[in-house]
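Data first, discussion second: the structure below is written as structure tokens.
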Amino acid sequence: MAASIALADPPSPMREDLVAYRAVGGYEGLKAALIRGGASVLAAIEDSGLRGHGGAAFPAGRKWRLAAERAATCRHVVANGGEHEPGSEKDKHLVERHPHRVLEGMLLCGLATGATRGWLYLIEDMAPQIASAERAIAEARAAGLLGGTILGSEFAFDVAIHRAPPTYVAGEETAAIDSIEGGPGKPRKKPPYPGEYGLRGEPTTVNNVETLTHVPWIVRHGAGAYRAIGTRESPGTMLVTLPAELRRPGVVEIPFGTSWRTLIEQHGGGVRDGRRIRAIHPALSCGFLAGKHLDVGIAHETLRPLGTAPGCGGLRLVLDGDDVLARLLEIARFFMKEQCGQCPPCRMETNQFAHVLGALQAGKGGNFADPIRKVADFARKKGFCSLIEMAAAPILSALDLFGDELGTASSASG
């Protein structure tokens, strides 16, 4: 349905090669941009309102301008496909099925920011995605779309694939830079931001791969056309990974503003076994929504007042009969395992969440909510990255949404 942004699957499940991509207008945006200049691309991205699609939703144009205006002899672009959040498959889908869209987005970002080097950041165990990206890069080089004097212009830009460690935190933008430089892939304290001081101390623009796949369409059709899709504060579309509980699981594209009910029933075919939806979890690192919010539109401005966000679109559901406590403990243990260990408040928070919820599951009961809230309040914004907030969001929202049920479970088992 969102063919206007052209991220929907091609008719064939095969990878979209250079011929197929060019048949639907691929690299036409780059051709036009090489004539108009990088400043026109930057202006279009700023005017479009494109946000980052990795979860943080930072305005892409502001990030690009930071790097473009920083004095430097060398700049970089990193396409971040280090997808490691359970329930999210969109980045794998894009790199495997639509690699040239990612490459054209990188090229346009490089042209707009003055970068000459791009890095496609993928997790080392993403074998199908790495293979697809390698073939696309070879096709682009052979066609004069990568390297020096691209399409006969003075623009030079090349792309290398970086194989990242299979850890969640390595997907954070400064951790990605650390990994490319040969480090363990751990976040760095900000500021300075990558646009100011990134890879090798040079301005670096790090964008999620989905963000970059929107760029060619915006350049070809204009910022106004992009803003005409979605909502005022959340223009355009987003990819959502539908879970196995639905009749049609998989990656779908929706305009921002689409309701959860439309997403689940029309795109996903409804719940496979007909059970009632008790809660919606937009992504693992987001807060829960009650089932009564099924008709709320999926947009930053509508979800923010409810204490959550679209996140990376890795949708999960809580259905009648699901064990809420087991779900929360699974989330808490994931973040405890995936925190990198360098920030004491993060270590304390994630370990405490898992310990308290584990005790509750073991039937020890007691006042479990207050310790969780106190630890979360103490740790807030005290880490090098936002994992502290990501780990807390689902747990704190679940205390509000399922507090009575969790309390009943603890007193009954104790």
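Read the figures in this text as sums done on the coordinates, not as results from a lab. Only a predicted model underlies this, so the values are computations on that prediction, with no experimental measurement involved. All Cβ positions, even for glycine, are placed from backbone atoms using ideal geometry, and neighbour counts span all protein chains on display.
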Open item on the list: Run the lone-cysteine check on the chain: no other Cys C-beta under 4.7 Å from the residue's C-beta.
Closed with: 74, 109, 286, 312, 340, 385
Open item on the list: Counting pairwise Cα distances across the range 18-227, what percent come out greater than 24 angstrom?
Closed with: 34 percent
Open item on the list: At 10 °C and a viscosity of 1.306 mPa s, what translational diffusion coefficient does Stokes-Einstein give for the range 196-323, taking Rh as the Kirkwood radius over Cα pairs? Give it in µm²/s as a whole number.
Closed with: 100 µm²/s
Open item on the list: If I take every Cα pair under 8 Å that is 6 or more residues apart in the range 324-413, average their sequence separation and divide by the length, what percent do I get for the relative contact order?
Closed with: 36 percent
TODO: With a point put 7 Å past each Cα toward its Cβ, work out how far residue 300 is from residue 261 in nm, to one decimal.
DONE: 2.7 nm
Task: Top of 139, 104, 181 by mean-square fluctuation, Gaussian network on the chain, Cα under 10 Å - done: 181
Open item on the list: Can you tell me the length gained on complete extension of the stretch residue 377 to residue 405, counting 0.36 nm per residue apart and subtracting the Cα distance?
Closed with: 7.8 nm
Open item on the list: Could you give me D for the chain, from Stokes-Einstein at 37 °C and 0.692 mPa s, where the hydrodynamic radius is the Kirkwood radius over C-alpha pairs? Units µm² s⁻¹, please.
Closed with: 149 µm²/s
TODO: Provide the packing ranking of 89-101, 370-382, 347-359, i.e. peptides ordered by the mean count of other C-beta atoms within 10 Å per residue, highest first.
DONE: 89-101, 347-359, 370-382
Open item on the list: Sort 240-252, 141-153 by the packing proxy (mean of other Cβ within 10 Å over each peptide's residues), most packed first.
Closed with: 240-252, 141-153
TODO: Based on a Kirkwood Rh over C-alpha pairs, give the Stokes-Einstein translational diffusion coefficient of the range 43-120 at 25 °C and viscosity 0.890 mPa s in µm²/s.
DONE: 182 µm²/s
Task: GNM result for the chain, Cα springs below 10 Å: residue of 19, 102, 78 fluctuating most strongly - done: 19
- [ ] Under a 10 Å cutoff between Cα atoms, tell me which one of 74, 109, 312 has the largest fluctuation in the Gaussian network model of the chain.
- [x] 74
